[in-house]
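All remarks here apply to the structure that follows.
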Amino acid sequence: MMSKAEIYLSVDIEASGPVPPEYSMLSIGACIVDDIETSFYEELKPISERFLPKAIKVVGKPMEYFAEHGKDPKIAMEKFKTWIESTTAEKTPIFVGFNAAFDWAFINWYFHTYSDKNPFDIAPIDIKSLFMGFEGCHWKDTRSSRIPDRFKGPLKQTHHALDDAKAQAQIFERILKHAQDRR
């Protein structure tokens, strides 16, 4: 099911709230879907002081940590773009996310604000939507806690951007395998 002209990159972010630029992207994790050890991780300095306490609780580190240890967003996004370009070579990078609408909004906004372009272009793949289409389930059944274990790999989603990127890459691969087996 994977194209030789495309390369699927699982991407996850952690943020201080629901939308950029009112809230900050605090970390980016990414990996190649079928080679999760080829990965990228970066923490970013906040661009806003705004945060939701429940978002910071999920992230597990205070905003002050990211202000002190995070990279400037321009440097972080250029580093991410360089990693994408060097990892994908001549292939088209395809953004894959679990609840891609959330992660995509931050990645797209940050690339267009702090870099010259978004290397993923305009169309991410959402794993939740893919699962719903293959299984014919309800949207509420696409939560990671409700996806059957046969679609999950050994890695767990921990709300660390790289851990989650790797775990969701395994889910994506297994859904694609399931789709091939049904043909």
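Among the residues of segment 63-88, how many are touching a residue at least 24 places away in the same chain (Cβ under 8 Å) and more than 19 Å from the chain's Cα centre (by Cα)?
Summing the residues that are touching a residue at least 24 places away in the same chain (Cβ under 8 Å) and more than 19 Å from the chain's Cα centre (by Cα) in segment 63-88 gives 3.
I'm trying to understand the selection: among the residues of segment 44-75, which are closer than 17 Å to GLU22 by Cβ and assigned to a loop (DSSP other than H, G, I, E, B)?
LYS45, PRO46, ILE47, SER48, GLU49, ARG50, PHE51, LEU52
Any residue in segment 167-179 that's under 14 Å from GLY133 (Cα atoms): show its pairings with residues that are among the β-branched types (Val, Ile, Thr) and assigned to a helix (DSSP H, G or I) at Cβ separation under 9 Å, as long as the two are six or more apart or on different chains.
PHE172/ILE127; ILE175/ILE127
Suppose we keep only residues that are hydroxyl-bearing (Ser, Thr, Tyr) and surrounded by fewer than 18 Cβ atoms within 10 Å (Cβ to Cβ) within segment 39-57. Which one would you say is farthest from GLU85 (Cα to Cα)? Quick ask: steps written out before the conclusion?
We begin by selecting, within segment 39-57, every residue hydroxyl-bearing (Ser, Thr, Tyr); these are 39, 41, 48.
Filter once more, keeping what is surrounded by fewer than 18 Cβ atoms within 10 Å (Cβ to Cβ): 41, 48.
Details: TYR41: 15, SER48: 29 Å.
So, considering only residues that are hydroxyl-bearing (Ser, Thr, Tyr) and surrounded by fewer than 18 Cβ atoms within 10 Å (Cβ to Cβ), the one farthest from GLU85 (Cα to Cα) is SER48.
Taking segment 24-38 on its own, how many of its residues are over 16 Å from PHE95 (Cβ atoms) and either among the β-branched types (Val, Ile, Thr) or surrounded by fewer than 20 Cβ atoms within 10 Å (Cβ to Cβ) (or both)?
Number satisfying all stated conditions: 2.
Only one of these is over 24 Å from ALA55 (Cβ atoms), loosely packed, with under 11 Cβ neighbours inside 10 Å, out of contact with any Ser or Thr (no Cβ under 6 Å at 6 or more places or on another chain) and not charged (D, E, K, R): GLN170, GLN180. Name it. Please lay out each step first, then the result.
Values: GLN170 fails: loosely packed, with under 11 Cβ neighbours inside 10 Å.
After applying the criteria, what remains is GLN180.
Residues checked against (1) buried (at least 18 other Cβ atoms within 10 Å of the Cβ); (2) within 30 Å of ILE47 (Cα to Cα):
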position: PHE102; (1), (2): no, yes
position: PHE106; (1), (2): yes, yes
position: SER129; (1), (2): no, no
position: ASP141; (1), (2): no, no
position: ILE147; (1), (2): yes, no
position: THR158; (1), (2): no, yes
position: ASP163; (1), (2): no, yes
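What residue, among those in segment 92-135 that are within 11 Å of the chain's Cα centre (by Cα) and acidic (Asp, Glu), is nearest to LYS74 (Cα to Cα)?
ASP103
Are any residues in segment 2-34 part of a loop (DSSP other than H, G, I, E, B), small (Gly, Ala, Ser) and modelled with pLDDT of 95 or more, and if so, which ones?
Filtering segment 2-34 down to residues part of a loop (DSSP other than H, G, I, E, B) leaves 2-5, 16-24, 33-34.
Adding the requirement that they be small (Gly, Ala, Ser) leaves 3, 5, 16-17, 24.
Across segment 2-34, the qualifying residues are SER16, GLY17, SER24.
Looking at (1) in a strand (DSSP E or B); (2) over 30 Å from GLN180 (Cα atoms); (3) without any contact (Cβ under 8 Å) to a residue 40 or more places away in the chain; (4) among the acidic types (Asp, Glu), can you tell me which one GLU37 breaks?
(2)
With respect to PHE120, is the statement that it is crowded, with 17+ Cβ neighbours inside 10 Å, more than 23 Å from LYS4 (Cβ to Cβ) and of a type in the set (A, V, I, L, M, F, W, C) true? Let's see the steps before the verdict.
Details: crowded, with 17+ Cβ neighbours inside 10 Å: yes; more than 23 Å from LYS4 (Cβ to Cβ): no; of a type in the set (A, V, I, L, M, F, W, C): yes.
Against the criterion (crowded, with 17+ Cβ neighbours inside 10 Å, more than 23 Å from LYS4 (Cβ to Cβ) and of a type in the set (A, V, I, L, M, F, W, C)), PHE120 does not qualify.
More than 18 Å from ALA105 (Cα to Cα), touching a Cys at 6+ places or on another chain (Cβ under 7 Å), surrounded by fewer than 19 Cβ atoms within 10 Å (Cβ to Cβ) and not aromatic (Phe, Trp, Tyr) - does that describe any residue in segment 63-84? Show your work before the answer.
Going through segment 63-84, the residues more than 18 Å from ALA105 (Cα to Cα) turn out to be 63-72, 75, 79, 82-83.
If we keep only those that are touching a Cys at 6+ places or on another chain (Cβ under 7 Å) as well, we get none.
Within segment 63-84, not a single residue is more than 18 Å from ALA105 (Cα to Cα), touching a Cys at 6+ places or on another chain (Cβ under 7 Å), surrounded by fewer than 19 Cβ atoms within 10 Å (Cβ to Cβ) and not aromatic (Phe, Trp, Tyr).
The values are calculated or read from the model by the stated rules, or taken from the named source; none is laboratory data. Note that the structure is predicted; figures quoted are calculated from it, not measured. With ideal geometry, Cβ positions are generated from the backbone for all residues, glycine too; neighbour counts draw on all protein chains shown.
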